[in-house]
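Below: one structure, written as structure tokens.
The values are calculated or read from the model by the stated rules, or taken from the named source; none is laboratory data. Note that this is a predicted model, so its numbers are computed, not measured. With ideal geometry, Cβ positions are generated from the backbone for all residues, glycine too; neighbour counts draw on all protein chains shown.
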């Protein structure tokens, strides 16, 4: 930052630099911490069951408490929390642009390096720790955000966000509708049924093999299984990509409009977004849970198409309601103090995201405690609470001694191409 003299920009000012912890916006860190809790809650089933079961649409079985827990996670958490992180990614992108422009720094090369390092971290996570990684997708779509939308007007950003949300909604509805049209000809219906049956049989065979490997395999065997499962994961990533990109743009829109800088003027809009999003989100997700009761690999009905539409509408609506509601709640000093420990979790969100994967895979995989496939939804919720509850004091302790989380420090060091100070007592060298 210049100090009273704008006539020249020094070479040091032209270099991008990391955000000091004193410059951070606490509300955003609290939102990140909250999102991490929801992400762990949703991921717990995929940590402990084959990814193929997710595609098969297996219904919750077992005790009533497990069925209730699975229903609650589906309605209130599933597909609601990665959009929050995506929104925050876009908002953070806007803030970084503003800081780079204030310094007179070259933003594009810096941000491309940042995304490339994130991509490397994501690949390592997906291959060596857990197949459900989302960092690779964020890195790739972040490049789209940088190269295609960095200079777009707020109105254009809002328009494209709406287009991407519509595409995300129409994809599953359109695929179900195409399969449904096959009913009108006996030959077409038979062909679709045969295709569905073959796909289901293949996935069930793969699921059984994966369950055996993850439950009792060595680290090397599980790594090879992850590589196989990654092909499946990336094959369906398109269904996430449009939603992620839409939320990137909404976050960029909020940052570009300066809503955080003048929140009081936008509080009425935030309240409306909270109530409309909550009403539409809960009702649509409950409708989805009721209408979507059958197996995935059967010829769809019109109710299935309606269920897909309800979910596509309800998930981003509820995510936006969570963002608006928590932001409003943080205007209250009492609630801000109660929720402030989440800020430490959010400040080192990347470290905590990866730590969740390390802890959970150690619990479930064969090279750890081998609990894969043995934990129901209710116990999964309890494990989520226990793991996240441990991350809060751990994050507070760490940030009482260090400026960044360990992975954030590595990310910054590789991005800025110079070692970043880690301990709080270290003074940055300029």
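From the list 105, 72, 100, exactly one residue is part of a loop (DSSP other than H, G, I, E, B) and over 23 Å from residue 246 (Cα atoms). Which is it?
Exactly one residue qualifies, and that residue is 105.
What is the one condition in (1) under 30 Å from residue 54 (Cβ atoms); (2) touching a helix residue (DSSP H, G or I) at 6+ places or on another chain (Cβ under 6 Å); (3) at pLDDT 95 or above; (4) surrounded by fewer than 19 Cβ atoms within 10 Å (Cβ to Cβ) that residue 373 does not satisfy?
Unmet condition: (3).
Looking at the range 201-221, which of the residues that are more than 13 Å from residue 51 (Cβ to Cβ) and surrounded by 17 or more Cβ atoms within 10 Å (Cβ to Cβ) is farthest from the chain's Cα centre (by Cα)?
Checked the range 201-221; the qualifying residue farthest from the chain's Cα centre (by Cα) is 217.
Condition check ((1) surrounded by fewer than 16 Cβ atoms within 10 Å (Cβ to Cβ); (2) assigned to a helix (DSSP H, G or I)) across all residues:
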| position | (1), (2) |
| --- | --- |
| 112 | yes, yes |
| 117 | no, yes |
| 130 | no, no |
| 136 | no, yes |
| 139 | no, yes |
| 145 | no, yes |
| 148 | yes, yes |
| 152 | no, no |
| 176 | no, yes |
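Of the residues that sit in the range 287-305 and are farther than 23 Å from residue 193 by Cα and touching a helix residue (DSSP H, G or I) at 6+ places or on another chain (Cβ under 6 Å), which one is modelled with the lowest pLDDT?
Looking at residues that are farther than 23 Å from residue 193 by Cα and touching a helix residue (DSSP H, G or I) at 6+ places or on another chain (Cβ under 6 Å), I get 289.
Mind checking whether some residue in the range 71-92 is at pLDDT below 90 and out of contact with any helix residue (DSSP H, G or I) (no Cβ under 6 Å at 6 or more places or on another chain)?
Start the filter on the range 71-92 by keeping residues that are at pLDDT below 90, which leaves none.
No: zero hits.
Determine whether residue 327 is surrounded by 18 or more Cβ atoms within 10 Å (Cβ to Cβ), closer than 21 Å to residue 123 by Cβ and touching a residue at least 40 places away in the same chain (Cβ under 8 Å). Reasoning before the result, please.
Working: surrounded by 18 or more Cβ atoms within 10 Å (Cβ to Cβ): yes; closer than 21 Å to residue 123 by Cβ: no; touching a residue at least 40 places away in the same chain (Cβ under 8 Å): yes.
No; evaluated as a whole, the condition is false for this residue.
Just one of 32, 67, 45 is at pLDDT below 95, out of contact with any strand residue (DSSP E or B) (no Cβ under 7 Å at 6 or more places or on another chain) and within 27 Å of residue 405 (Cβ to Cβ); which is it?
After ruling out the rest, the residue left standing is 45.
If a residue has to be in a helix (DSSP H, G or I) and more than 20 Å from residue 319 (Cα to Cα) to count, how many in the range 219-255 make the cut?
Matching residues across the range 219-255 total 17.
Looking only at the range 395-421, count every residue that is closer than 22 Å to residue 36 by Cβ and surrounded by 16 or more Cβ atoms within 10 Å (Cβ to Cβ) and tell me the total.
14
When you check residue 359 against the structure, is it without any contact (Cβ under 8 Å) to a residue 40 or more places away in the chain, under 14 Å from residue 48 (Cα atoms) and touching a helix residue (DSSP H, G or I) at 6+ places or on another chain (Cβ under 6 Å), yes or no?
yes
Could you list, in sequence order, all residues of the range 178-191 that are touching a helix residue (DSSP H, G or I) at 6+ places or on another chain (Cβ under 8 Å) and either touching a residue at least 12 places away in the same chain (Cβ under 8 Å) or not in a helix (DSSP H, G or I) (or both)?
179, 180, 182, 183, 189
Hey, can you tell me all the residues within the range 232-269 that are under 18 Å from residue 90 (Cα atoms) and surrounded by fewer than 15 Cβ atoms within 10 Å (Cβ to Cβ)?
Residues satisfying the conditions are 258, 261.
With out of contact with any strand residue (DSSP E or B) (no Cβ under 7 Å at 6 or more places or on another chain), farther than 19 Å from residue 74 by Cα, at pLDDT below 85 and assigned to a helix (DSSP H, G or I) as the only criterion, which of 264, 215 stands out?
On the way: 215 fails: at pLDDT below 85.
Being out of contact with any strand residue (DSSP E or B) (no Cβ under 7 Å at 6 or more places or on another chain), farther than 19 Å from residue 74 by Cα, at pLDDT below 85 and assigned to a helix (DSSP H, G or I) holds for just one of 264, 215, which is 264.
Just a yes or no: is a residue in the range 299-311 crowded, with 21+ Cβ neighbours inside 10 Å, within 27 Å of residue 118 (Cβ to Cβ) and either in contact (Cβ under 8 Å) with a residue 24 or more places away in the chain or under 18 Å from the mean Cα position of the chain (by Cα) (or both)? Write out each step before concluding.
Restricting attention to the range 299-311, the residues satisfying the condition of being crowded, with 21+ Cβ neighbours inside 10 Å are 300, 304, 307-308, 310-311.
With the extra rule that they be within 27 Å of residue 118 (Cβ to Cβ), the set shrinks to none.
No; the residues of the range 299-311 include none that is crowded, with 21+ Cβ neighbours inside 10 Å, within 27 Å of residue 118 (Cβ to Cβ) and either in contact (Cβ under 8 Å) with a residue 24 or more places away in the chain or under 18 Å from the mean Cα position of the chain (by Cα) (or both).
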